[in-house]
Amino acid sequence: MRPDGREYLLIDDTRTFEPVNVRNLPRPRHDDFDYRATTDRESLRQALLAADQRDVGRSFSLRQVREYVEVRELAPEINLEAITFATNSAALQPSQAEELRQMGLLMREFIADDPTELFLIEGHTDAVGDAGHNLLLSDRRAESVALYGESFLKIPVQYAERLNRRVAVRRITSLVR
């Protein structure tokens, strides 16, 4: 609820959605945006708005967005490559928290303009460790970023690689409307 008393529905779990048939989905654009390279505010804003430039012809449930990589990939990924984690850690370094400031301010601005905006924050691990541990660790990393996948390695190696221990943001508003 907003201070003026208005309420907004973000996710309607009573609504039914057609099943996902990945063969019928449009091919994802791999216009990933490197946050480290996006130094000016307007470029970062355009990266967040990129999802609106494509009509996929349907809506998805939040569960479908989370469970199907093919659905998630319909929303451009903004790589927060300056934000990486030490092995087995979800702690942000103070210098990295400052790197997140611009993204956080823009997300806040989007939400102020439209309180129904939705962002998906993805945490990733490298290939070291078992799948259960890495799933928990990737969730903790995403939560660390939200508060201030071994399956989807950025660098396809089976050893410890810091660039795989990262966080990415997707603006998924247009997928769930």
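All of the numbers you see were taken from the coordinates with simple rules; none came from a lab. Computed from a predicted structure; not experimentally measured. Please note: Cβ atoms are built from the backbone with ideal geometry, for glycine as well, and neighbour counts cover all protein chains shown.
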Task: For Val71, Val169, order by how many other beta-carbon atoms lie within 10 Å, fewest first - done: Val71, Val169
Task: Calculated [θ] (222 nm, deg cm²/dmol) that DSSP helices of n ≥ 4 give over the chain, each run adding -39,500 (n - 2.57) - done: -10000 deg cm²/dmol
- [ ] Mind sorting Thr16, Thr116, Thr173, Thr125 by how few other Cβ atoms lie within 10 Å of their own Cβ, fewest first?
- [x] Thr16, Thr116, Thr173, Thr125
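Taking 0.36 nm per residue of separation and subtracting the Cα-Cα distance, what length does fully extending Ala146 through Arg27 add? Don't skip to the answer; put the middle values down first.
On the way: separation 119, 0.36 × 119 = 42.84 nm, distance 2.86 nm.
That pair, Ala146 and Arg27, stretches by 40.0 nm at full extension.
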Open item on the list: Between [x] 1.18; [y] 1.05; [z] 0.97, which entry matches Cα Rg over 2.2 N^0.38 Å as derived from the coordinates of this structure?
Closed with: [y]
- [ ] Within the stretch 51-71, which residues have the backbone N less than 18 Å from the label spot 7 Å out from Asp12 along Cα→beta-carbon, could you tell me?
- [x] 57-65
